[in-house]
Amino acid sequence: MKTNTESSPAAVRPLGREAMAAIRECVRPVIEERLVTRRGVAPLRREVLVCHGGACISCRAVPVADLMEAAIDQAGLADQARVVRVGCMGLCDAGPLVLVSPDGVYYPRVNEDLAGRIVKEHLSSGAVIEEEELSWEGPDGEMLRSREVPFFARQMKIALRNCGVIDPGSLEEYIAADGYAALEKVLFEMAPDQVLTELKRAGLRGRGGAGFPVGLKWQFVHDTQGDVKYVVCNADEGDPGAFMDRSILEGDPYSVVEAMTIAGRVVGSNQGYVYVRAEYPLAIERLDASLNSARSSGLLGKDILGSGFDFDLEIRIGAGAFVCGEETALMNSIEGKRGMPRPRPPFPAQKGLWKRPTLLNNVESWANISPILLRGAKWYSSIGTERSKGTKVFALAGAIRNTGLVEVPMGISLREVVEDLGGGIRSGRPFKAAQSGGPSGGCVPAAAADVAVDYESLQELGAIMGSGGLIVMDETTCMVELARFFMEFIVDESCGKCPPCRIGNRVMLSILERITKGEGQEDDLGLLERLGEHIQLSSLCGLGQTGPNPVLSTLRHFREEYETHVRERRCPAGQCRALLTYTIIEDLCNGCHVCAKACPVDAIGGEIKNVHLIDQEVCTHCGACLTACPTGAIEGK
Amino acid sequence: MAEMRNEVTEEPAGSGLIDAQAPEEIDSEAYRIVDRYVSEQPGGQEQLIPLLHRVQEYLGYLPFPVQEYVAGKLGLSPVEVYAVVSFYHFFTTTPRGRYQLKVCMGTACFVNNAQTICDVLGDLSGIELGGVTEDRLFSLEQVRCIGACGLAPALMVNDEAHGHLTPITVRKIFRKLKSAARKEKNSAGGEADSENKH
Ligand SMILES: Cc1cc2nc3c(=O)[nH]c(=O)nc-3n(C[C@H](O)[C@H](O)[C@H](O)COP(=O)(O)O)c2cc1C
Ligand code: FES
């Protein structure tokens, strides 16, 4: 990725504390301008922030930014405006997303055409292109624009504080945004004990899923004797449909690097590893770049900032195994072995990587460390609920209107997240359920969506906080099929070491398969429940222990749906293909022949411009025609 | 993972495993990559996964003779290397196609009907999941979340993401790739390469 400060001297010469203070003084005002909304006053300079998160890049954000740069030059505006390539701004659905500051104007879905207009109209004359500005109708019919829309207005950003605000390739911008101030504090002002006390008081709990208190974990590793200790960041993010950790690494890699350095100092470690999944090439690239410039600036390596403390980091790339997100399996993988979990105890804090005391946290947990140490435990613990402090990042996906990333204070209701921030269901159909925690998690039905988002409340409902993937579903998702999907995932990913997980989950899968094929038996549901409970109790690691969760939670909240499959051989959501009969609604069919082309088995016949017909004998119930039909004339029931 | 494990039990570990592989010409640069890596990076087993990544990045797959070579260089037995290769989904012992079709089966894509997309591609290419067409033009696989959930259902063709797919649009994409490949073959030069970026 192109960065705005490629030739910046900050990135090549070791920095001292004074140089960092100077950067903060000069550059901070620039960063602060990006956070304000100030219209009507002509600013001296404008910045155009172009989102370069993974999603926006796949919607052509790079050429759009290139084009704007060229257009700015051409229009002779180079001293009044510049393009900044920032990390994920959150609203992935509207990519490529562009923010013009300090006007605080968001432009969604910017193509080459609009990019040119933004330069010509907005940057040249200061006139906001109102019809293209991000806007939604508010609850009382008023027009909300840009930062006023609930998606932005209702968020509270701590872990994502720099994502979408700074150029992730610029160490200078990170420092200007208070970066490395926490490390300085830890190196020169605070004793390790003070840091530990502060973290424990803050009440931060691990964001990787289990919610273990971060301060306590640091304390254990600190207290264990050992001349060699390791610090590890878990960036395996295996939950399919979750992208919080990826966005943090892509959008603000230094926040993780700084926090790990702090931990090294506090627990007495000189070497850390970041374990990133191979599917995230952009995150790896940006993290690697940040390690290199931190090293050449004296913020990693020997004698950091003249404190005498040495610390370095290495990246380890995963190789596609979900179980490697489990901390002990992850350590085996770093050691170059098969990623099989180890029995615990001994816990990683005692015997982790190469049998040395090891501190392991999740990306989002790391991203919270510096703000806590800078602003204090009192501030942090004032956010959230009694037992769940701070904020949580969620990746919203599925049938929701605003696919993307949000950070909200703990304790907000799930309904607010889905309906207000997420904009509700895209299709306009009723909201059916939200699934959190992926293959280890459970679902919350719409009726219970007023539940507060905190570790305990979600657990009571049989769901979990999980790492933050939130898949929202409308009534076209079948909960039995969803459970089968997750169980297939677990079976595929089980490492095979312990029998309850290896065999038990496979048996559960075959039961679910027969139910979705319409071959379920009356006692299948009870059998699923008994099996699930046994597997939870007897598996070796978290994968098996939590594998049955999606099945048990859907059984708990959507039992009638299972019963309809078993007793009536019917799928009310219309998703279990083997249970559907496809017919063409004559009034809607315009004879375009698209369905016949889409049909893989040539079961559909008819002349062009005449009503078509499905041969039920040949039909394999695949549903391809249903998705293909442009007029919605095919119905599966 | 499962099929791999069967393979291990059917074939005794050791060189029998390697003989089972049809003789295949292996680009000798792969061996030089191993040599270079080992001389730059000290260490044994902990260098195995990074090294395998390097080799697969170059060759596209990990043929057995190369695995055996890696084992020798790192002081491991061949079966220790194979155990790792077979455990991780990312490593493959079969060559991929010129166009790797990777259908996302993450949760977001799943609830947006990704199965249909996969079926249509299987139908068009005539191969099963995990397979390669005989002309090595296409390989088809399912992957877990490619991080384009906003574009669900999504497909990666090599490193390029395509989103909001319907059976009609995947057909178009497939046809475009096929004709691009044909042109490439005819002109037997590199010019056609730029045309399949759309
Ligand atoms: C099967 C399984 C998969 C996991 N995957 C991840 C993951 O992808 N990312 C993650 O941070 N934690 C994952 N975890 C949780 C880790 O084991 C560990 O609890 C966590 O990374 C600790 O960090 P934290 O305390 O900061 O949350 C997984 C656990 C299990 C059992
Ligand atoms: S689930 Fe397909 S891109 Fe995330």
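A few remarks follow.
- Taking a ≥ b ≥ c as the square roots of the Cα gyration tensor eigenvalues, segment A:147-271 comes out prolate, since a/c reaches at least 1.5 and a/b is larger than b/c.
- Alpha-carbon centroids, segment A:424-487 and segment A:310-367: separation in whole Å: 29 Å
- For segment A:506-592, the average shadow cast by the Cα convex hull is 7.7 nm², which is a quarter of the hull's surface.
- When peptides A:369-376, A:539-546, A:161-168 are ranked by their average number of other Cβ atoms within 10 Å per residue, the highest-first order is A:161-168, A:539-546, A:369-376.
- For segment A:75-130, a Kirkwood radius taken over Cα pairs fed into Stokes-Einstein (25 °C, viscosity 0.890 mPa s) yields D = 206 µm²/s.
- Whichever lysines have a C-alpha closer than 23 Å to that of residue A:302, once near sequence neighbours (fewer than 8 apart) are set aside: A:185, A:229
- Each part reduced to its alpha carbon centroid, segment A:279-299 and segment B:144-181 end up 30 Å apart.
- Peptide packing for B:102-114, A:336-348 was compared via the average number of neighbouring C-beta atoms within 10 Å per residue; ordered from the highest value, the list is B:102-114, A:336-348.
- Ordered by 1.4 Å accessible area with all protein chains kept, A:426, A:556, A:201 run largest first as A:201, A:556, A:426.
- J(HN,Hα) series, segment A:38-49, from Karplus relation 6.51 cos²θ - 1.76 cosθ + 1.60, nearest Hz, glycine and proline x: 9, 10, x, 10, 6, x, 5, 9, 10, 10, 10, 8
- The antiparallel fraction among DSSP beta bridges confined to the protein assembly as shown stands at about 55%.
- Evaluated over segment B:99-193, the Cα radius of gyration and Dmax, each in Å: 13.3, 42
- Near the amide H of residue A:634, within less than 5 Å, lie the amide hydrogens of A:585, all on another chain or at least 5 residues away, with H placed in the peptide plane.
- Amide H contacts of residue A:359 (H built 1.01 Å from N, in plane; Pro and chain starts excluded): A:230, A:231, A:232 sit under 5 Å, all sequence-distant by 5 or more or on other chains.
- Global geometry of segment A:210-331, whether rounded, prolate or oblate, following the gyration tensor of its Cα atoms and the 1.5 cut on a/c: oblate
- Viscosity 0.890 mPa s, 25 °C: Kirkwood-radius Stokes-Einstein D of segment A:580-636 over Cα pairs, µm²/s: 228 µm²/s
- In straight-distance terms, cross-link reach from residue A:389 covers every one of the lysines whose alpha-carbon lies under 16 Å from its own, apart from those fewer than eight places away in the same chain; here that gives A:157, A:200, A:378.
- Low-density loop positions, trypsin sites (Lys or Arg not before Pro), segment A:239-329 - DSSP coil, at most 13 other Cβ in 10 Å: A:302
- Amide H partners (placed H, <5 Å) of residue B:92, local residues excluded: B:62
- Part-to-part distance (alpha-carbon centres) for segment A:545-601 and segment B:99-122, which is given in Å: 17 Å
- Relative contact order %, segment A:71-126, counting alpha carbon pairs below 8 Å whose residues are six or more apart: 33 percent
- For residue B:36, net neighbour charge (Lys/Arg +1, Asp/Glu -1) across residues whose Cβ lies under 13 Å away: 0
- Peptide B:111-120 has a mean of 6 when you count, residue by residue, the C-beta atoms of other protein chains within 10 Å of its C-beta.
- The HN-Hα couplings worked out from phi for segment A:282-296 by the Karplus form 6.51 cos²θ - 1.76 cosθ + 1.60 (θ = phi - 60°) are 5, 5, 5, 4, 6, 5, 4, 4, 6, 5, 5, 6, 5, 5, 6 Hz, whole numbers, x standing for Gly and Pro.
- Shielding by other protein chains, B:99-109, mean Cβ within 10 Å: 5
- Per-residue ³J(HN,Hα) for segment A:398-412, Karplus 6.51 cos²θ - 1.76 cosθ + 1.60, θ = phi - 60°, Hz, x for Gly and Pro: x, 8, 7, 5, 9, 4, x, 10, 10, 10, 10, x, 4, x, 5
- Bridges between two residues of segment A:178-379, per DSSP, are antiparallel at a rate of about 10%.
- Rel. contact order, % - alpha carbon contacts under 8 angstrom, at least six apart, chain A: 11 percent
- Among beta bridges identified by DSSP and lying wholly in segment A:9-153, the antiparallel ones come to about 60 percent.
- For the protein assembly as shown, the square roots a ≥ b ≥ c of the C-alpha gyration tensor eigenvalues yield an a/c under 1.5, which makes the shape rounded.
- Residue by residue along A:239-250, Cβ atoms of other protein chains within 10 Å of the local Cβ number 4 on average.
The values are calculated or read from the model by the stated rules, or taken from the named source; none is laboratory data. None of the values given here were measured: they were computed from a predicted structure. Methodologically, a virtual Cβ is constructed for each residue, glycine included, from the backbone with ideal geometry; neighbour enumeration extends over all protein chains shown. Keep in mind that these areas ignore ligands, DNA and RNA; they rest on the heavy atoms of the full protein, side chains included. Shrake-Rupley method; radii C 1.70, N 1.55, O 1.52, S 1.80 Å.
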